[in-house]
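The values are calculated or read from the model by the stated rules, or taken from the named source; none is laboratory data. Small disclaimer: the values here were computed from a predicted structure and weren't measured. As a convention, Cβ positions derive from the backbone with ideal geometry for all residues, glycine included, and neighbour counts pool all protein chains shown.
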Amino acid sequence: MKTAIIYGITGQDGFYLTQELLRHNYHIIGVTRRSSTNNTTRLTPFLTNKNLELVEGDVTDCFSIANLINKYRPDEIYNLAAQSHVATSFSQPSLTWDITAGGCLNILEAIRNIKPNTKFYQASSSEMFGKNYSERIETIHDSDIYTIKIKYQNEDTAMMPQSPYAIAKLAAHHLVRNYRDSYGIFACSGILFNHESPMRGEKFVTRKITKWIGGLHAILKQCEHIQFCDDYILCGDTKYPKLRLGNLEAKRDWGHAADYCRAMYLMLQHDSPDDYIVSTQETHSVKKFLELSFKIANLGDYSNFIIIDPAFYRPAEVDYLLGDSTKARKILSWSPRYDFNSLVEEMVEYDINEAEKTRFGITQVSAR
């Protein structure tokens, strides 16, 4: 039985990677930061599994990392730990750097000094590309023959990060390459484009939208008529805040976290280490995600329900991301099982069902 340590196990990707590795009969050491509140809620379905062991630790503590590697002698380490909210990285840049860049360095150094044959996975990010992209010309054979320009990002696209989060991720990405080349460590980076699921944190725009829709859906089941006020929706005596969003025109390559965590596993099973783009090869705007979410929930036009709030614009915006994952598809035999519509449908239906079960939507769902 292989042993894997997962840093960042309590997050969205930790949930799906745990699911994937348990499917392959791993002994999993899940590292959690000490907290006065329960931060393992996502892992509830796995907590009774004898192959999962949760321990306290932190990627910013090099001694903690060394102790865990000494104790468990892992075959693989997956580093999913990060301060991963882009907007927060502008207000907390030092913390973002210490966790996201420093944490990766701490793990690599511990592997080098204690167990050099441990395989290592680093969660890199499409945010590292920033505003930059590559271009190619494709010829379309239709009723007429014409050419179109395709913009994309692949492993060879130059990186131009636009946030403290992306800069820290890029530093970690280069550290992986450096330790692989310098010390022969089996270290891989997965350059993951945006990936979502019902397990996504509620600060991220996709889950913010679907969670808010779940709350609205619960309200609408209790009254026949609603009124639109400046900042809220009035339903009887219930005031429900309108959904506040930023740039609706930003385009992202959105996939499902379950698909992307399967790619993580495949990278460490390959014969040689390398870095891979993981993406759906499609891009959709925030507006498209919003429109489809409202359509699935049978809410009609979204325009009266939202407020465009400048507070949610980034100081430096990333307008367009579309990943070319040809390398991962060819070498790892990986491809996504979810498409955009099925991803959005799963998220909307999950949050509607949760609001129905718990009645969170009426009193506790925040539009901010």
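For beta carbons closer than 7 Å, sequence separation of 6+ or different chains, a first residue in segment 136-162 that is surrounded by 10 or more Cβ atoms within 10 Å (Cβ to Cβ) and among the acidic types (Asp, Glu) and a second that is assigned to a strand (DSSP E or B) and modelled with pLDDT of 95 or more, the qualifying pairs are Glu155/Asp275; Glu155/Ile277.
So, Ile191, is that one touching a strand residue (DSSP E or B) at 6+ places or on another chain (Cβ under 8 Å), more than 25 Å from Phe120 (Cα to Cα) and not charged (D, E, K, R) or not? Judged against the criteria, Ile191 is not a match.
A search for C-beta distances below 8 Å between a residue of segment 340-366 that is farther than 23 Å from Gln281 by Cα and any residue that is assigned to a helix (DSSP H, G or I) and modelled with pLDDT under 60, counting only pairs 6+ apart in sequence or on different chains, returns Glu354/Phe360; Ala355/Gly361. Of all residue pairs spaced 6 or more apart or on separate chains, those with beta-carbon atoms under 7 Å, a first member in segment 194-221 that is free of Cβ contacts under 8 Å to residues at least 60 places away in the same chain and a second member that is buried (at least 23 other Cβ atoms within 10 Å of the Cβ) are Glu202/Lys211. Only residues that are over 21 Å from the mean Cα position of the chain (by Cα), among the polar types (S, T, N, Q) and under 28 Å from Arg200 (Cα atoms) were counted across segment 61-93, and they come to 1. Among the numbered conditions (1) within 28 Å of Ser342 (Cβ to Cβ); (2) touching a Phe, Trp or Tyr at 6+ places or on another chain (Cβ under 6 Å); (3) among the β-branched types (Val, Ile, Thr), the only one that Ile233 does not meet is (1).
Could you list, in sequence order, all residues of segment 11-66 that are of a type in the set (Val, Ile, Thr) and out of contact with any Leu (no Cβ under 6 Å at 6 or more places or on another chain)?
We begin by selecting, within segment 11-66, every residue of a type in the set (Val, Ile, Thr); these are 18, 28-29, 31-32, 37, 40-41, 44, 48, 55, 59-60, 65.
Once the filter is applied, which keeps residues that are of a type in the set (Val, Ile, Thr) and out of contact with any Leu (no Cβ under 6 Å at 6 or more places or on another chain), segment 11-66 yields Thr18, Ile29, Val31, Thr37, Thr40, Thr41, Thr44, Thr48, Val55, Val59, Thr60, Ile65.
Take the conditions in contact with a Ser or Thr (Cβ under 7 Å, 6 or more places away or on another chain), at pLDDT 95 or above and under 18 Å from Ile185 (Cβ atoms) and apply them to Tyr121. Does it pass? Before you say what the answer is, go through the steps one by one.
On the way: in contact with a Ser or Thr (Cβ under 7 Å, 6 or more places away or on another chain): no; at pLDDT 95 or above: yes; under 18 Å from Ile185 (Cβ atoms): yes.
Taking the combined requirement at face value, the residue does not satisfy it.
The residues of segment 237-276 that are modelled with pLDDT under 95 and out of contact with any helix residue (DSSP H, G or I) (no Cβ under 9 Å at 6 or more places or on another chain), listed by number, are Asp237, Lys239.
In summary, Glu356 fulfils each of the numbered conditions (1) at pLDDT below 95; (2) closer than 19 Å to Lys203 by Cα with the single exception of condition (2). Counting only strands (runs of 3 or more DSSP E) that fall entirely inside segment 31-126 and contain at least 1 residues that are surrounded by 21 or more Cβ atoms within 10 Å (Cβ to Cβ) and basic (Lys, Arg), the qualifying elements are 119-125. Restricting to segment 14-30, name every residue that is free of Cβ contacts under 8 Å to residues at least 60 places away in the same chain and part of a helix (DSSP H, G or I). Scanning segment 14-30 gives Thr18, Leu22, Arg23.
Within segment 231-264, the residues that satisfy the criterion of being among the aromatic types (Phe, Trp, Tyr) and farther than 25 Å from Arg23 by Cα are Tyr232, Tyr240. Residues in segment 278-315 that are within 20 Å of the chain's Cα centre (by Cα) and among the small types (Gly, Ala, Ser): Ser279, Ser285, Ser293.
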